[in-house]
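> Handing you this structure, nothing more for now.
Bear in mind that the values in this text are calculations on the coordinates, not laboratory data. The structure displayed is predicted, hence computed values, not measured ones. Every residue, glycine among them, receives a Cβ derived from its backbone with ideal geometry; neighbour counts consider all protein chains shown.
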Amino acid sequence: MADIFISYASEDRQRAGALAETLGAHGWSVWWDREIPLGQSFDQVIEKALASAKCVIVLWSSVSIASEWVRNEASEAKRRAILIPVFIERVDAPLAFRLLNGADLRDWSGDGSDAEFVRLVERVTELLAPYRRRLRRAGASVVCTALANLRRDREEAPAYAVNCCGCGDCRRWRRHCRIFTERRSS
């Protein structure tokens with residue numbers, strides 16, 4: 001189950017990939033359709049990923065506004081109140097989505113400190129916060145997703161500390177490593 005689902009037109013794959021990579025560096029798990037296993041039904045995999053997503057980012061472009069798939073994914077996300085529109089070209093969103101304010105990433109070059117990208121990260125953080133609180137109430141030890149993806153090579157830990165998701169569970173990478181090690185050994 002991914003934190004974030006990215007919906008986009010196939011012609012915008014490069015921009016979707018850059019966004020997925022940058023959001024992933026924040027410690028979130030990101031699903032986009034490059035992860036469909038061979039031999040599995042495209043529509044069933046997408047429906048399952050969309051249904052389990054906690055946040056859906058839709059990339060609006062001249063191609064995606066005409067895509068039935070993108071519109072359907074956006075409709076489902078809007079119904080569940082987890083939709084974040086992102087404009088990667090100067091277009092009007094489809095009529096059903098025009099009242100929603102969207103992030104303007106038309107000129108975004110992948111810079112994590114870009115003001116509009118920071119606004120997007122803030123909104124994603126807001127949408128994901130209830131899930132983190134629920135895990136804490138259940139007594140689970142919430143660990144930054146970036147840490148969960150650590151390879152066995154311990155030298156990578158300091159690099160992940162820089163890219164911490166800001167979940168509050170890891171003020172220092174050493175604590176992260178301790179929690180991660182405890183979870184792996186149990």
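> Among rounded, prolate and oblate, which fits the stretch 13-89 when a ≥ b ≥ c are the square roots of the eigenvalues of its C-alpha gyration tensor, a/c under 1.5 means rounded, and a/b larger than b/c means prolate?
Taking the square roots of the gyration eigenvalues as a ≥ b ≥ c, the stretch 13-89 is rounded.
> Of Y131, Y8, how do they rank once you tally other Cβ atoms within 10 Å and put the fewest first?
Ranked by crowding around the Cβ, least crowded first: Y131, Y8.
> Classify the stretch 4-132 as rounded, prolate or oblate from the Cα gyration tensor: take a ≥ b ≥ c as the square roots of its eigenvalues, call it rounded if a/c is under 1.5, otherwise prolate when a/b beats b/c and oblate if not.
Rounded shape, in that the Cα axes give a/c under 1.5.
> Now for a different question. Using a basic spin-label model with each label point 7 Å from the Cα along Cα→Cβ, how many nm lie between S29 and E11?
Result for the modelled spin labels: 3.3 nm.
> Can you tell me how much longer the chain between N72 and A18 gets when fully stretched, taken as 0.36 nm per residue apart minus their C-alpha distance, in nm with one decimal?
Once the chain is fully extended between N72 and A18, it gains 17.1 nm.
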